[in-house]
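S.K.: Let me begin by handing over the structure; questions about it come next.
The numbers here are math on the coordinates, done by the rules we state, and not lab data. The model shown is predicted, which means the values in this text are computed figures rather than measured ones. Glycine also receives a Cβ, built like all others from the backbone with ideal geometry; neighbour counts cover every protein chain displayed.
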Amino acid sequence: MTAALDVTEVLAGLPDWRRADDPRPAIARTLRFADFNAAFGFMTRVALLADKVDHHPEWSNVYNRVEVLLTTHDADGVTERDVAMARFIDEAAKGLVE
Ligand SMILES: C[C@H](O)[C@H](O)[C@H]1CNC2=NC(N)=NC(=O)C2=N1
């Protein structure tokens with residue numbers, strides 16, 4: 001099992017992320033795309049990676065907006081698996097978010 005990291009330290013390396021409004025240690029990002037097509041295309045790319053690495057975001061979508069929360073249930077905290085997913089999300093969203 002991967003060890004839980006200090007959320008403040010994690011966030012120092014992820015400028016687009018914030019502490020999630022959640023009782024669990026978790027990080028969050030809101031992404032706004034041009035339209036639903038761009039948002040859902042992004043979600044599809046992230047979903048394929050999530051399934052491959054067996055690490056899944058908790059997220060919701062309303063039209064062009066995607067709310068993402070990352071945490072590692074097994075570790076009851078934020079781990080390197082969340083950091084890796086956050087980096088992938090940042091890359092996948094680059095140039096697509098307002
Ligand atoms: C059994 C399976 O490996 C686990 O439930 C995986 C699936 N996806 C997961 N996703 C996330 N975000 N955290 C987990 O701890 C996790 N665990």
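S.K.: Could you work out [θ]222 nm for the chain from helices alone, using -39500 (n - 2.57) per DSSP H run of at least four and dividing by all its residues? Round to the nearest 500 deg cm²/dmol.
M.R.: So the helix-based figure for the chain works out to -12000 deg cm²/dmol.
S.K.: Relative to the longest principal axis of the C-alpha atoms of the chain, give the angle of the C-alpha long axis of helix 36-53, reported between 0 and 90° and rounded to the nearest 10°.
M.R.: Between the helix axis and the principal axis of the chain, the angle is about 40 degrees.
S.K.: If you don't mind, another one. So if I take the alpha carbon set of the chain, get Rg, then get Rh from the Kirkwood formula, what is the Rg over Rh ratio? Can you show the working numbers first?
M.R.: Details: Rg = 12.8 Å, Rh = 13.5 Å.
A ratio of 0.95.
S.K.: Going by how many other Cβ atoms sit within 10 Å of their own, how do Leu48, Leu70, Leu5 line up, fewest first? List each step's numbers first, then the result.
M.R.: Values: Leu48 10, Leu70 26, Leu5 17.
Fewest-to-most ranking of Leu48, Leu70, Leu5: Leu48, Leu5, Leu70.
S.K.: Any idea what the relative contact order of the chain is, in percent, if you count C-alpha pairs under 8 Å spaced at least 6 apart?
M.R.: On the way: 149 pairs, mean separation 34.9, N = 98.
Taking the mean separation of contacting Cα pairs over the length of the chain, I get 36 percent.
S.K.: Can you put Thr8, Thr79, Thr30 in order of Cβ neighbours within 10 angstrom, beginning with the fewest? The partial results should precede the final answer.
M.R.: On the way: Thr8 8, Thr79 22, Thr30 12.
Fewest-to-most ranking of Thr8, Thr79, Thr30: Thr8, Thr30, Thr79.
S.K.: Please give the charge dipole size of the chain, origin at the Cα centre, charges +1 on K and R Cβ atoms and -1 on D and E Cβ atoms. Round to the nearest 20 debye. Don't jump to the answer; show the numbers that get you there.
M.R.: Details: 11 positive and 17 negative charges, 59 e Å.
About 280 debye.
S.K.: Counting other beta carbons within 10 Å of each residue's own, what order do Val10, Val62 fall into, fewest first? Provide the component values of the computation, followed by the final result.
M.R.: Working: Val10 22, Val62 9.
With the fewest neighbours first, Val10, Val62 line up as Val62, Val10.
S.K.: Which angle between 0 and 90 degrees, to the nearest 10, do you get for helix 80-93 versus the longest principal axis of the chain when only C-alpha atoms count?
M.R.: Approximately 10 degrees, to the nearest ten.
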